[in-house]
1. Could you check segment 125-160 and list, in sequence order, the residues that are outside any helix (DSSP H, G or I) and either among the basic types (Lys, Arg) or on the phi < 0 side of the Ramachandran plot (or both)?
2. Just to verify a result, which residue in segment 172-197, among those that are at pLDDT 85 or above and over 18 Å from residue 235 (Cα atoms), is least open to solvent (accessible area, probe 1.4 Å)?
3. Any idea which of 266, 285, 323, 340 is under 20 Å from residue 93 (Cβ atoms), among the β-branched types (Val, Ile, Thr) and either crowded, with 21+ Cβ neighbours inside 10 Å or out of contact with any Ser or Thr (no Cβ under 6 Å at 6 or more places or on another chain) (or both)?
4. Examine segment 262-276 for a residue that is within 22 Å of the chain's Cα centre (by Cα), assigned to a helix (DSSP H, G or I) and within 26 Å of residue 96 (Cα to Cα), and state whether such a residue exists.
5. Output the number of the condition that residue 83 fails; it satisfies all remaining conditions of (1) within 24 Å of residue 361 (Cα to Cα); (2) of a type in the set (A, V, I, L, M); (3) open to solvent by less than 60 Å² (accessible area, probe 1.4 Å).
6. Tell me which residues, restricted to segment 223-234, are open to solvent by less than 80 Å² (accessible area, probe 1.4 Å) and either part of a loop (DSSP other than H, G, I, E, B) or within 17 Å of residue 64 (Cβ to Cβ) (or both).
7. Any residue at all in segment 115-124 that is more than 23 Å from residue 350 (Cα to Cα) and either assigned to a helix (DSSP H, G or I) or of a type in the set (Lys, Arg) (or both)?
8. Can you find, within segment 246-255, the residue that is nearest to the chain's Cα centre (by Cα) among those that are at pLDDT below 90 and closer than 17 Å to residue 147 by Cβ?
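The values are calculated or read from the model by the stated rules, or taken from the named source; none is laboratory data. Please read these numbers as outputs of a predicted model, since none were measured by experiment. Neighbour counts run over all protein chains shown; Cβ positions are idealised from the backbone, glycine included. Quick note on the areas: whole protein, heavy atoms, side chains included, nothing else; ligands and nucleic acids left out. Shrake-Rupley method; radii C 1.70, N 1.55, O 1.52, S 1.80 Å.
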Amino acid sequence: MNDILQLTIVLIASLIATLASRRLKIPAVIGQMLVGILIAPSVLGLVHSGHVLEVMSEIGVILLMFLAGLESDLTVLKKNFKASMLVAIGGVIVPLIVFGLVAFSFGYGMSTSFFYGIVFAATSVSITVEVLQEYGKLSTRAGSIILGAAVVDDILAVLILSIFTSFKNGGSGTHLFFQFLLELLFFAFLFVVHKLIPRFWKFVQKLPIANKNTIVALIICLGLSLLADSVGMSAVIGSFFAGLAISQTEVSHKIEEYTSAIGYVIFIPVFFVLIAISVQFDSLIHHPWIILLFTLLAILTKFIPAYFVGKSNKLSTGESMLIGTGMISRGEMALIVAQIGLTSAIITDEVYSELVIVIILATVLAPFLIKLVLKKYDN
């Protein structure tokens, strides 16, 4: 019953936060994350993240990225593939170099310094997707570049993390090659799925089952998420491509409607509240200037390369600014990488706490910055 009580508290807090956000005219996701900090063990102590909530949160982010794939225009994504690649590459290389050098200059070891760079090379597009959906900007050219860049960004970050942890733990080159091969096979499989989905859906339409389209769509979404996870990639990459493949079908709008109802009623609010539950304020008290500096770097190392890539691809200042702010959020992807570093003994508990606070600060600030850009440049 304790899990049900905690879930009830999270849903009540999320509802209040959403209403307050509407009244204050700020993105709902900000209110949900802030209320997550408020009810966390480090403040009011009303909710302690448990297994049930963590599973629901994981389903929430999977559904959110599945919906992002459903809403994406494949033609626009293909058209902006080059810009997405450049944004992603810049958004990985710049944080790796800057955070590595700054952390090393503060006296952190070589491994810890490089790991800082890996953590902030990752982008969590789930927060950005929520804000862009709220303001109707997900299907725009800038929205498509952000989505494409974030997917490539995560792939590169996971690949670098795999190489780093393998060398750190004395892994062999054979292991790295095998994992890289698995990831290539995964993308080859995604390509096949993408081609077969329209034909497969003709068979689905004949099934004598109520809500058959949504049921099969969710099975594909969860199946590809599990497959992505099994080859060492983020589950959200699988769910995003599942949505992208199913968006080709004639019933995609109906699937989107029903999936939104399932996701936004319970799973997605749990994800946004729980993302802030792990915040501990000890590091903020003991090392405030380091935390503030790293938060500023977390913003600039994503914003600057993305902005200049946008401008070099002849996008407007507003579109370039939106892409830059859209890449800032770190969220669950960076938290997962930080957790891997802690469990692998690459970083200490103190460094982990610092990382978590910077990740949360950058994640909370990102929707504010996106809204400021939209308010100034939205025509």
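1. Initially, segment 125-160 is screened for residues outside any helix (DSSP H, G or I), giving 135-140.
Scanning segment 125-160 gives 135, 137, 138, 139, 140.
2. For segment 172-197, the residue satisfying everything is 197.
3. Details: 266 fails: under 20 Å from residue 93 (Cβ atoms); 285 fails: under 20 Å from residue 93 (Cβ atoms); 340 fails: under 20 Å from residue 93 (Cβ atoms).
Going through 266, 285, 323, 340 in turn, just one is under 20 Å from residue 93 (Cβ atoms), among the β-branched types (Val, Ile, Thr) and either crowded, with 21+ Cβ neighbours inside 10 Å or out of contact with any Ser or Thr (no Cβ under 6 Å at 6 or more places or on another chain) (or both): 323.
4. Step one: of segment 262-276, the residues within 22 Å of the chain's Cα centre (by Cα) are 262-276.
When the remaining residues are screened for being assigned to a helix (DSSP H, G or I), the result is 262-274.
The next check asks that each one be within 26 Å of residue 96 (Cα to Cα); those that pass are none.
No: segment 262-276 contains no residue that is within 22 Å of the chain's Cα centre (by Cα), assigned to a helix (DSSP H, G or I) and within 26 Å of residue 96 (Cα to Cα).
5. So residue 83 meets the others, but not (1).
6. 224, 225, 228, 231, 232, 233, 234
7. Within segment 115-124, none of the residues are more than 23 Å from residue 350 (Cα to Cα) and either assigned to a helix (DSSP H, G or I) or of a type in the set (Lys, Arg) (or both).
8. 247
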